[in-house]
Amino acid sequence: NTAGTSSTHVTSSQKKKKGKSEEATVPAGASSADGGFFKKVMAAAFFAGFYAIAPIFYENCNKMAKALSHPTIMYKAETNVGQVVTVDDYRESYWWLKKNTPADARILAWWDYGYQIAGIANRTTVADGNTWNHEHIALLARALTHTEKEGHRVSRHLADYILVWGGGGGDDLAKSPHLARIANSVYRDMCPGDPTCRQFGYMDRNGTPSPMMEASMLYKLHSHRLKPGVVADPNRFQHVFDSKYGKVRIFKVLNVSQESKKFVADPANRLCDIEGGWYCRGQYPPGLANVLSKAKTFSQQEDFNKKRNSAKDSDEEEYLKKYFDNMVSSPMQ
């Protein structure tokens, strides 16, 4: 039995050695060759797939390049009878301002168009895309979305002309519920107790304006003689221009405060950081003091560097909480 066991053990050991010997005789480059072949197959598959989608990628890039190369203030559109036309309303209106208004004319328009007006019409605008002052944007929004009478009270101290975008789509009236909310964030008397200003907007899918929207200066100018019974007050505004396809309307502000105009034009009132400097924060004319007294400085939610005041911060946090609760609980226009 012992001999048998020993014999068996030796045989087993010999088999192990034999297995190792056989493994050692496998060519060293075989494994490397298999890996290289696999990599070649993967590379071939990758390039085949790339060349398969390359024409599609190229075509999409060309389409995107053509779309982005068109000037954003001019575009092609199709009329209701299928005719393709070039809509040049925006440049046309800015050019009208340049040719038909005094060089010192000031244009009140929503800030989105400020750079275009300044660059093409070469006219001063009340606001543009570099206006970081939220309170100033809120004052502009208040003028547009408040009543026609109140809007004129502000406009006559700031501007000589008012430019509005019309024609449907994303025009000024479509944006106006958001403008009302911006105004209310600083002027809380716009929509008391309602940060989202739900009383300003459309009442149904047919575009029926709420009473507050219908009474606004923006609605009066936007829909002047286009909708039954809507006429801008001829004692406050003079309709002077409509673009070809009705995308832009321009009104002259009547009874402009010349005293306020002289005040803002006076270099002494620019409040520059140094005499003759380029950084001048300016100031509003005294004629707006009553309106400005109603303003409440708005704390931006992302302003992490401000000094905290518990009472004020608590009020702002409550305002923002109610704002977001309202946005969630009811659909906005």
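The values are calculated or read from the model by the stated rules, or taken from the named source; none is laboratory data. In this text, all values refer to a predicted model and were calculated from it rather than measured experimentally. Cβ sites come from the backbone with ideal geometry, for glycine too, and all protein chains shown count toward neighbours. For accessibility, only protein heavy atoms count, side chains too; no ligands or nucleic acids. Shrake-Rupley method; radii C 1.70, N 1.55, O 1.52, S 1.80 Å.
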Calculate, in nm to one decimal, what Ile53 and Asn206 gain on full extension: separation in residues at 0.36 nm each, minus their alpha carbon distance. 50.6 nm
Show me, for the stretch 321-326, the HN-Hα J-couplings you get by feeding each phi into the Karplus relation (A = 6.51, B = -1.76, C = 1.60, θ = phi - 60°), rounded to Hz, glycine and proline as x. 4, 5, 4, 6, 4, 5
Compute the relative contact order of the stretch 130-262 as a whole-number percentage, counting only Cα pairs closer than 8 Å that sit 6 or more residues apart in sequence. 32
Subtracting the Cα-Cα distance from 0.36 nm times the residue separation, let me have the gained length for Tyr115 to Lys63 in nm, one decimal. 16.0 nm
Contact order normalised by residue count of the stretch 29-167, Cα under 8 Å, 6+ apart, percent: 17
Using a 1.4 Å probe and counting only protein heavy atoms, arrange Glu135, Glu317 so the residue with the most accessible area comes first. Glu317, Glu135
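Counting only protein heavy atoms, what percent of the accessible surface of the stretch 200-251 is carbon or sulfur at a 1.4 Å probe?
Roughly 49 percent, rounded to a whole number.
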Between Phe237 and residues 5 or more places away or on another chain, the pairs with built amide H atoms under 5 Å apart involve Leu254
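Heavy atoms only, probe 1.4 angstrom, no DNA, RNA or ligands counted: give me Ile274, Ile182 ranked by accessible area, highest first. The partial results should precede the final answer.
Numbers: Ile274 110, Ile182 25 Å².
Largest to smallest exposure gives the sequence Ile274, Ile182.
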What is the extension gain from Asp189 to Tyr279, computed as 0.36 nm multiplied by their sequence separation minus the C-alpha to C-alpha distance, in nm to one decimal? 29.1 nm
For the stretch 147-153, what does the Karplus curve 6.51 cos²θ - 1.76 cosθ + 1.60, with θ = phi - 60°, yield as ³J(HN,Hα) per residue in whole Hz, taken in order and with x for Gly and Pro? 4, 4, 5, 5, x, 5, 4
Accessible area (Å², 1.4 Å probe, nearest 10) - Tyr245: 90
If R0 = 51 Å, then Asp266 and Val85, at their Cβ-Cβ distance, give a FRET efficiency to the nearest 0.05 of 0.65
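Going down the table (Lys99/Lys294; Lys39/Lys66; Lys99/Lys220), which pairs top 30 Å between alpha carbons?
Among Lys99/Lys294; Lys39/Lys66; Lys99/Lys220, the Cα-Cα distance tops 30 Å for Lys99/Lys294; Lys39/Lys66.
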Given the protein chains as shown and a 1.4 Å probe, how many square angstrom of Thr297 are accessible, to the nearest 10? 90
In whole angstrom, how far apart do the alpha carbon centroids of the stretch 40-55 and the stretch 188-251 sit? 58
May I ask you to give the solvent-accessible area per residue for the stretch 142-209, in square angstrom, as obtained with a 1.4 angstrom probe? 35
Net charge dipole size for the stretch 36-113 [Lys, Arg +1 and Asp, Glu -1 on Cβ; Debye, nearest 20]: 440
Of the listed pairs Lys262/Lys296; Lys98/Lys252; Lys227/Lys247; Lys76/Lys227, which have alpha-carbon separations greater than 18 Å here? Lys262/Lys296; Lys76/Lys227
May I ask you to list the GluC sites (Glu not before Pro) in the stretch 184-288 that are in a DSSP loop and have at most 15 other Cβ atoms within 10 Å of their Cβ? Glu275
